[in-house]
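Below is one structure; the comments refer to it alone.
The values are calculated or read from the model by the stated rules, or taken from the named source; none is laboratory data. In this text the structure is predicted, and so the values were computed from the model without any measurement. Here the Cβ positions follow ideal geometry from the backbone for every residue, glycine too, while neighbour counts run over all protein chains shown.
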Amino acid sequence: MNYLIWNIMDANTRLKIDPTMIFYHGTHAFFERFEDSFRGSNTAWDNTVHGFFFADKKENALLFGDTIITANLEVKNPLDLRLHSIFNDESQASIIWNMLTCEKIDNNTALKLIKDEISLGKIHDMYGSLHSIGEHEMMLEAGYDGIISDLGDEQIEYVVFQAMQITLLSIDRETFRGYTR
């Protein structure tokens, strides 16, 4: 089940994550709380520069580690980087285009250019361009506090930018075979 809520604010459709829903974080590390200084330390993926990753299904979290952390997330303004949203959500097109090209233009023009310039064959390169410290800082400056993206197989992953957005509920180490930090 995906826990996305659409809110109407100032005639724009905004996406947020329900803060009462349960999410799961898989890890090989042994820790008691999330700390910003350890963001991205558990995997070698480029996108971990953005924050802490969660799934809405325990089996998806297990892909990333055998210790499962259950939590609530406080994300009020996520950037939606799912494929469909990149090509259809006008409200975020300008920031995406700016991150890709360093060119600031209005949302309507940006969405048209994204549709015209980025083919499905170039989508992997496009995602790679979004995962650097500079692009992360641009997201923060634009007011985003998280990301919603595709995990694969039509599953969603949820990213919070800061540890303070996570309310840890439980840690299940039944099958722990990882390392401590």
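Selection over segment 122-137 of residues that are modelled with pLDDT of 80 or more and either of a type in the set (D, E, K, R) or crowded, with 18+ Cβ neighbours inside 10 Å (or both) gives a count of 3. For segment 75-126, which positions are of a type in the set (F, W, Y) and farther than 28 Å from F23 by Cα? Result: W97, single match. Going by the structure shown, is G152 at positive phi and surrounded by fewer than 20 Cβ atoms within 10 Å (Cβ to Cβ)? Considered against the rule, which asks whether it is at positive phi and surrounded by fewer than 20 Cβ atoms within 10 Å (Cβ to Cβ), G152 comes out as yes.
With respect to E103, is the statement that it is in a helix (DSSP H, G or I) and at pLDDT 85 or above true? No: the conditions fail for E103. Of the residues screened, N47 is not one that is closer than 22 Å to F161 by Cβ, modelled with pLDDT under 90 and crowded, with 21+ Cβ neighbours inside 10 Å. Residues in segment 65-94 that are farther than 16 Å from E135 by Cα, of a type in the set (D, E) and either under 17 Å from the mean Cα position of the chain (by Cα) or part of a strand (DSSP E or B) (or both): E74, D89.
Against the test of being at pLDDT below 85, surrounded by 14 or more Cβ atoms within 10 Å (Cβ to Cβ) and more than 15 Å from Y24 (Cα to Cα), the options I147, I118 yield a single qualifying residue, I118.
Candidates in segment 106-129 are the residues that are touching a helix residue (DSSP H, G or I) at 6+ places or on another chain (Cβ under 8 Å) and in a loop (DSSP other than H, G, I, E, B); of these, the one that is farthest from F87 (Cα to Cα) is D106. Being under 27 Å from A61 (Cβ atoms) and part of a helix (DSSP H, G or I) is the filter here; which residues of segment 130-169 pass it? Passing the criteria: I133, E135, H136, M139, L140, A163, M164, Q165.
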